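The values are calculated or read from the model by the stated rules, or taken from the named source; none is laboratory data. Fair warning: this is a prediction, and the values are worked out from it, not measured in the lab. Positions of Cβ are backbone-derived with ideal geometry, glycine not excepted, and every protein chain shown enters the neighbour counts. Surface areas here come from the heavy atoms of the whole protein model, side chains and all, with no ligands, DNA or RNA. Shrake-Rupley method; radii C 1.70, N 1.55, O 1.52, S 1.80 Å.
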Amino acid sequence: MIALGLILLTSLLTAGLIVRVKSIASGRRGPGLFQPLKNIWVLFRKGSVYSEVSGVITRTSPIMVLSALLVASLMVPVAGFTPLISFRGDFIMFAYLMAFSRFMMIITAFDSGSSFEAMGASREALYGMLIEPALFVLIAGLTVFTGGTSLATIFDLTHREGYSYVFGLIVAYIIGNITLVENSRIPVDDPKTHLELTMIHEVMVLDLSGFNLAMVQMTSMLKFAIFGSLIASAVIPWDMAPATRISMFIAVQLLFASAIGMTESFRSRYKMNRNQQYILTISLISVLFFVIILFTKNIF
Amino acid sequence: MFYLIAILIITGVVLLAAGKKSSVIITALFLSAGVTASSWLALSELLNLAIPVEIVEFLTSAGIICDGLSALFILIISFTVFSGFIYSVGYLKPYVRTKPELWTKLHYAALLWLYVSMIAVVLFRNGFAFLVAWEIMTVSSFVLVIYEYDKKGTIQAGINYLVQMHVGMLFILFAFIISSEGSDGVSFDNLRYYFSRNSNWLVFLLFFTGFGLKAGFLLLHTWLPEAHPAAPSHVSGIMSGVMIKLGIYGILRVSMSLQGDMYVIGTSLMVFSAVTGLFGVMMAILQHDIKKLLAYHSIENIGIIGIGIGLGIFGTATGNTLVSVTGYTGAILHTLNHSLFKSLLFFSAGSVISRLHTRNVEQMGGIMKYMPYTAMAFLIGSVAIAGLPPFNGFISEYLLYFSLFSGIGELEFYPLLIFSLVMVSLVLIGGLAVFCFAKVFSIVFLGQPRKAMAEPPAEAGQPMIIAKMLPVIPIIIIGALPVLIVGPLASLTSGIFNPSSLPFDNAILLTPLRYISVGVILMVSIGALFLILKKVDERRRPPVTGLTWGCGYGAASARQQYTATSFTQEYATLVRPVIRNGASHVSFREDEIFPGKREFHTSSADLLRSKIIMRPANLFINLLRRAAVIQTGRLQHYVLYAMLFLVLVFILTLLEII
């Protein structure tokens, strides 16, 4: 329960923090930390406007997107606190639930018959497919390293014998990069862009409104917190006192969010056709990590 | 075998003699009788029920042995053929008027023969009886494939299929003959004896080539993308759902008896299957013919099943029971799952095709509003085949990952390398399948119709909808409550494939599956909760409809929608080194003030087919054409040839060479 509570709590904070950091970096004061939450609250109280082309998919799938992500968040390790659902091979279900929510987002984009949305969907589908191996190779490497079998045990055991902060940092680096792709942040996608032709995630939700849009925005926030929590579990040792871990966890999440905010302020996005190279590079770094693990285990 | 032929003749004669209407009813009766009898046999084997002694004696005298593996396949075959038959009643209705009466009756007779022969294939152990059943299966499915003989390319696809299947049979025959050395007959039961005395890989390779041609492994697959689009949809569903699985049955039956070389066989089968799966799905994405796309997905799924079998053999070789049992269980469960969702997908695609009269996805769009049930069926099939929760495809892929990750922790360098590569391929296969089915579902069923239609397409007829509902039920049950089926299946596979080792403890497998159930049920209930909240919200604030966002431009036509080609464009550039996809068009000239009509055509070539299969074949054909010089058509020349031959024989005899 603590694990779930922590993830949900941090998911509420991070979105506002990113916006705030970006504002400060560009010399403005920026909106309050809770502005994204207020926006979602407004969305819930607005009615929905549907495209006349759209059908039952648009009306139901944003809900499925969020519920799949919620179930996925139950498996995520949170700095040594046992997640609610943890079993042998749960990372497979975790990854596939992510894929399910992506599938649902893609078909939602197509439901309105808009070319803009379909364009974003096409990119989302391709990038999502290319980034999946990076996560799996990383987890396979950690499995070999720790002998753990579920997300929680893998990340906890990383801190046992032979642990070095180098591992934690590499894992955090890889997951951080995966987050940039999965959450459609700069340099892959600019969430604040205003040109439909260059959007990825934001363009897929152009025809969603009210309740549905709130669902999708909550999903993005939750997804960000999930990846942040993976990073936190990679760097926070599991055997510290619970209070220390909780505070460290929140600190890491906030630090991660501000780091993303800083990156977005000082980095430009890639040309659309360079994204594939960037994503494949992440996978290759993952493979490199795997090879390093093999060396440390004397498997060569 | 005598009974088999008797059954075939009786059903054939009765059906052909029957009237137009009654032939369907008679087929239904025969089929239900067959389904009941064989399912009873299978279930009593699986549930350890007692079979009356007379029946056992009769079956044994007829050469029929039903073990767990046969029983499983009997159930899979019966279910799919039965739903396929229900579907065919609706699907063939428009054709009955245009085709000769006898031809339709023959079609139903062939459907029955196919069913009977498939059941016989999994029940016969004697090699020759097996091959006879195998041959009847091939011929009857050939008759089914060429039902629409008047369409362009159907006959060619059918003959291509027939020829390739006979090449495959030749391989199986060779394998049987080689393996019968030292024993009194040709049979699957002798394999163990042969394998314990000789090197295993050669005979396994022969069997694999023969059965792989049926299953559609890489390089043996070229008949699949031709035959499925040519066949009527229920036939595609049955062929892709169960008939190609009999190739898998054959491989499983042989791998049961393996005694040596298992390390090599297991690893190479894994790698080969991974490549097969990747190839299948990579080709599938670029297809615009919906049935060809599904056919390439069959190749992908055969690859996934093959990975499972490879893991099973590898696990047995290294004594890792967990890897072995989960690998085999995953393979068999995926065989079952694929038969469910692939027939579902073919049935739904068939309904769309029969309404729109095209197989080209670029001319479809917006069908979900007109055919909601078909669209839902296709959506469920898509999610299931992409291996996503909450449906059954996820469970079998989970088992394979489970097996891979169980092996990955405790391995030497080379197996670890192979396991990692196979794992990455499996991840990629999954991701590509999501990509592909998101594409095909969206393009076909969502948005607006891309082509003007004289009248809006009506929902498919009742038999077709019932046939689609049938596979949906097990798809949902296996997805939500996997423990029900995986538990017994794991016990069964550990009994069949690892009889010598310690009894396998299911608990390690069942606990995660219970958690998966919890996750799936939780997901559905959270979704339901949100849906209720939303309904409440909508009652207070009724939703309104408006135009789709178009940057302020409200008159976008349906033809401006994203197409399948544009959806896959970036992907197509990415895979260009492997898959040659070309576009051909004539560009406008500068002096054309009023441009005329232009055509634009895209295609994706199966490089393996053109470079590895067709090039040698064409060389051979050219060679034969050269040799045809001697065939002058003049009687004098032929007499001369005969005389030369006699002289040759005379000389050879003189020299005591022959």
Review point. Just wondering, is there one or more residues in the stretch B:480-495 that are without any contact (Cβ under 8 Å) to a residue 40 or more places away in the chain, within 14 Å of chain A (Cβ to nearest Cβ), surrounded by fewer than 20 Cβ atoms within 10 Å (Cβ to Cβ) and over 32 Å from the mean Cα position of the chain (by Cα)?
Key: no
Review point. Does B:R626 fit the bill of being open to solvent by 80 Å² or more (accessible area, probe 1.4 Å) and basic (K, R)?
Key: yes
**Study point:** Verdict on B:K468 being more than 14 Å from chain A (Cβ to nearest Cβ), crowded, with 24+ Cβ neighbours inside 10 Å and either acidic (D, E) or in contact (Cβ under 8 Å) with a residue 12 or more places away in the chain (or both)
**Key:** yes
Practice item. Might you check whether a residue that is in contact with a helix residue (DSSP H, G or I) (Cβ under 6 Å, 6 or more places away or on another chain), assigned to a loop (DSSP other than H, G, I, E, B), more than 8 Å from chain A (Cβ to nearest Cβ) and within 21 Å of B:K451 (Cβ to Cβ) occurs anywhere in the stretch B:568-581? Key: no
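Results for (1) farther than 26 Å from B:S425 by Cβ; (2) free of Cβ contacts under 8 Å to residues at least 60 places away in the same chain, shown as yes or no for each residue.
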{"residue": "A:I139", "(1), (2)": "no, yes"}
{"residue": "A:T143", "(1), (2)": "no, yes"}
{"residue": "A:T149", "(1), (2)": "no, no"}
{"residue": "A:A152", "(1), (2)": "yes, no"}
{"residue": "A:F155", "(1), (2)": "no, no"}
{"residue": "A:R160", "(1), (2)": "yes, yes"}
{"residue": "A:Y165", "(1), (2)": "yes, no"}
{"residue": "A:I170", "(1), (2)": "no, no"}
{"residue": "A:E182", "(1), (2)": "no, no"}
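Here's the yes/no breakdown for (1) touching a residue at least 24 places away in the same chain (Cβ under 8 Å); (2) closer than 22 Å to B:L531 by Cα:
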site: A:V19; (1), (2): yes, no
site: A:G30; (1), (2): no, no
site: A:F34; (1), (2): no, no
site: A:N39; (1), (2): yes, yes
site: A:S54; (1), (2): yes, yes
site: A:V65; (1), (2): yes, yes
**Study point:** Which listed residue, of B:G550, B:G554, B:G527, is under 26 Å from B:G447 (Cβ atoms) and more than 8 Å from chain A (Cβ to nearest Cβ)
**Key:** B:G554
Exercise for review: Could you tell me which of the residues B:A331, B:A317 is at pLDDT below 95 and either aliphatic (A, V, I, L, M) or under 14 Å from B:G277 (Cα atoms) (or both)?
Suggested key: B:A317
Study note, to complete from the structure: Scanning the stretch A:107-138 for residues that are in contact with an Asp or Glu (Cβ under 6 Å, 6 or more places away or on another chain), in a helix (DSSP H, G or I) and open to solvent by less than 10 Å² (accessible area, probe 1.4 Å) gives A:A109, A:L126
Practice item. Consider B:L608 carefully, then state whether it is part of a helix (DSSP H, G or I) and under 30 Å from A:T58 (Cα atoms). Key: no
Exercise for review: Scan A:A243, A:A234, A:A214 and give me the residue that is within 14 Å of chain B (Cβ to nearest Cβ) and assigned to a helix (DSSP H, G or I).
Suggested key: A:A214
Review point. Among the residues of the stretch A:84-97, which ones are crowded, with 22+ Cβ neighbours inside 10 Å and more than 8 Å from chain B (Cβ to nearest Cβ)?
Key: A:F91, A:F94
Check your understanding: From the list B:A564, B:A528, B:A605, which one is open to solvent by less than 40 Å² (accessible area, probe 1.4 Å) and out of contact with any Ser or Thr (no Cβ under 8 Å at 6 or more places or on another chain)?
Key -> B:A564
Review point. Which ranges mark the helices (runs of 4 or more DSSP H) fully within the stretch B:459-561 that have 3 or more residues being under 30 Å from B:V361 (Cβ atoms) and touching a Leu at 6+ places or on another chain (Cβ under 8 Å)?
Key: B:462-480
Practice item. Starting from the stretch B:401-420, take each residue that is assigned to a loop (DSSP other than H, G, I, E, B) and list its partners that are among the small types (G, A, S) and modelled with pLDDT under 90, counting only C-beta distances under 8 angstrom and pairs at least six apart or across chains. Key: B:G409/A:G147
**Study point:** Search result, residues across the stretch A:25-59 that are open to solvent by less than 40 Å² (accessible area, probe 1.4 Å), within 13 Å of chain B (Cβ to nearest Cβ), touching a helix residue (DSSP H, G or I) at 6+ places or on another chain (Cβ under 7 Å) and not in a loop (DSSP other than H, G, I, E, B)
**Key:** A:L43, A:Y50, A:I57, A:T58
Check your understanding: When the stretch B:334-367 is examined, which residues are found to be modelled with pLDDT under 95, open to solvent by 10 Å² or more (accessible area, probe 1.4 Å), part of a helix (DSSP H, G or I) and away from chain A (no Cβ under 14 Å)?
Key -> B:I353, B:S354, B:R355, B:L356, B:Q363
Exercise for review: Identify, by number, the condition in (1) surrounded by fewer than 21 Cβ atoms within 10 Å (Cβ to Cβ); (2) outside any loop (DSSP other than H, G, I, E, B); (3) touching a Ser or Thr at 6+ places or on another chain (Cβ under 9 Å) that B:L102 doesn't meet.
Suggested key: (3)
Review point. Can you tell me which residues in the stretch B:437-449 are closer than 26 Å to B:P94 by Cα and surrounded by fewer than 21 Cβ atoms within 10 Å (Cβ to Cβ)?
Key: B:P449
Check your understanding: Would you call A:L69 part of a helix (DSSP H, G or I), within 29 Å of B:R539 (Cα to Cα), in contact with a helix residue (DSSP H, G or I) (Cβ under 8 Å, 6 or more places away or on another chain) and not small (G, A, S)?
Key -> yes
Check your understanding: When the stretch A:1-24 is examined, which residues are found to be open to solvent by 30 Å² or more (accessible area, probe 1.4 Å) and modelled with pLDDT of 90 or more?
Key -> A:L4, A:G5, A:L8, A:L9, A:L12, A:L13, A:L17, A:V19, A:R20, A:K22, A:I24
Review point. From the list A:L195, A:L254, A:L222, A:L213, which residue is surrounded by fewer than 17 Cβ atoms within 10 Å (Cβ to Cβ) and at pLDDT 85 or above?
Key: A:L254
Check your understanding: in a helix (DSSP H, G or I) and open to solvent by 20 Å² or more (accessible area, probe 1.4 Å) - does that describe any residue in the stretch B:377-397?
Key -> yes
Study note, to complete from the structure: Going through (1) over 28 Å from A:S122 (Cα atoms); (2) in a helix (DSSP H, G or I); (3) touching a residue at least 24 places away in the same chain (Cβ under 8 Å); (4) open to solvent by less than 70 Å² (accessible area, probe 1.4 Å) one by one, A:M262 fails only at (4)
Check your understanding: Would you call B:A583 touching a residue at least 60 places away in the same chain (Cβ under 8 Å) and open to solvent by less than 70 Å² (accessible area, probe 1.4 Å)?
Key -> no
Revision key, fill the gap. If we keep only residues of the stretch B:31-65 that are over 25 Å from the mean Cα position of the chain (by Cα) and either among the aromatic types (F, W, Y) or within 18 Å of B:Y87 (Cβ to Cβ) (or both), then the residue most open to solvent (accessible area, probe 1.4 Å) is B:W40
Review point. From the list B:F413, B:F419, B:F437, which one is within 9 Å of another protein chain (Cβ to nearest Cβ) and at pLDDT 95 or above?
Key: B:F437
